[in-house]
Structure formats: structure tokens, C-alpha cells
Amino acid sequence: MYSPTAFRSMTPSLDDVLGVRREMDRWFDRAFSGATQSLQPWAPAVEVRETTDEVIVAAELPGIDPADVNVTVQNGVLTISGEKKPQKPEAGAEGTYHLTERRYGRFERSFTLLQSVISDDIRANFTSGVLTVTLPKTAEAKPRRIQIEAGKNVEIGVRGR
């Protein structure tokens with residue numbers, strides 16, 4: 001005998017279909033997320049701040065040896081480049097990675113300097129994984145107050161015809 005209830009239980013519901021879809025999406029995310037992340041370029045996070053006397057650029061470079069970082073200024077462009085090398089496992093260490101989100105490889109960030117800077121006085125400091133580049137402004141680039149002179153009172157009127 002035909003039972004509509006039995007027939008409905010064999011037909012997948014929309015929730016069942018969407019559940020399978022969600023599970024497949026999760027599986028693909030787990031299987032390919034590392035591959036897609038490794039294809040994306042790596043670039044450090046940067047802050048650029050300006051004061052009256054200087055422009056300060058700070059770049060987060062955790063786990064990078066300062067010897068692997070280059071800072072150059074040429075034709076009004078500041079460039080920070082280098083390479084984050086993968087850490088080698090300790091000798092005799094065994095194990096299998098189950099998750100890795102760290103990125104490695106070459107990086108380069110360039111910034112056009114809007115102000116004139118004194119290139120001979122540029123300083124770079126690397127402390128606690130943060131590179132700070134200080135670019136002092138030239139005297140022309142610094143803001144200066146213009147003195148307003150008091151003048152004669154001049155009467156402005158309309159000439160009659």
C-alpha cells in the first residue's frame with residue numbers, strides 16, 4: 001500500500017539539501033584555504049602619521065630579522081621591503097601541521113611622500129617587531145604662521161554717475 005508519509009521521508013527536504021551544501025562548503029574551505037592563502041601576497045600592516053616636524057611610518061614586522069629588511073627613499077618615494085623567512089623546526093622535532101595561518105615570503109610597501117623630507121636625516125628603528133621610520137620635514141614643508149600687518153583703513157564706495 002502507498003504511504004505518503006513514507007514517501008515524504010525518502011524525499012530530501014530543502015534543509016537537508018542546504019545542510020549538504022554547507023558541509024561541502026566547509027570541506028572545501030578546509031581543503032583549500034591554505035592553498036589560497038599562500039597564493040596571496042603578504043604585506044605588513046603600516047601606520048603613517050604626520051607631525052609638525054616629521055612624517056613617521058611604522059610597519060609591523062613580527063618574526064623578521066632586521067637584517068632582512070630594506071628601507072629606501074628615492075624620487076620622493078619611501079619603500080620598505082624584505083623577506084619573512086619560515087622558521088625551521090628544531091632539530092629532531094617531529095609532527096604534522098594541522099593548521100597554519102602564518103605567511104612568509106617577500107614583501108614590499110611603497111609610499112609617495114607628499115612633503116619634502118631631509119633624506120640625509122631619515123632614521124629607522126626596529127624594536128619589538130615594529131619598524132619605525134622617521135622622516136624629518138624640510139623647512140619649506142613645515143607649516144609657518146604668516147604675520148598679518150595692520151594697514152590703513154581704505155574707504156570702499158561706489159562712485160556716483
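The values are calculated or read from the model by the stated rules, or taken from the named source; none is laboratory data. As the structure is a computational prediction, the values presented were derived from the model and not from experiment. Here Cβ is always computed from backbone atoms with ideal geometry, including for glycine, and neighbour counts include all displayed protein chains.
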Considering only residues that are more than 22 Å from Phe126 (Cα to Cα) and not polar (S, T, N, Q), which ones fall in segment 82-108?
Lys88, Pro89, Glu90, Ala91, Gly92, Ala93, Glu94, Gly95, Tyr97, His98, Leu99, Glu101
Pick from segment 82-99, criterion over 16 Å from Gly63 (Cα atoms) and modelled with pLDDT of 80 or more, ranking: surrounded by the most Cβ atoms within 10 Å (Cβ to Cβ)
Leu99
Qualifying positions in segment 62-81 - surrounded by 15 or more Cβ atoms within 10 Å (Cβ to Cβ), at pLDDT below 95 and under 11 Å from Phe126 (Cβ atoms):
Ile64
Name the one entry in Arg30, Arg102, Arg49, Arg26 that is of a type in the set (Lys, Arg), out of contact with any Lys or Arg (no Cβ under 8 Å at 6 or more places or on another chain) and at pLDDT 85 or above.
Arg49
With the requirement that a residue be within 16 Å of Val46 (Cα to Cα) and surrounded by fewer than 11 Cβ atoms within 10 Å (Cβ to Cβ), what does segment 111-130 give you?
Thr112, Thr127, Ser128
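Tally the residues that are of a type in the set (A, V, I, L, M), in contact with a strand residue (DSSP E or B) (Cβ under 9 Å, 6 or more places away or on another chain) and more than 15 Å from Ala43 (Cβ to Cβ), restricting the search to segment 72-97.
2
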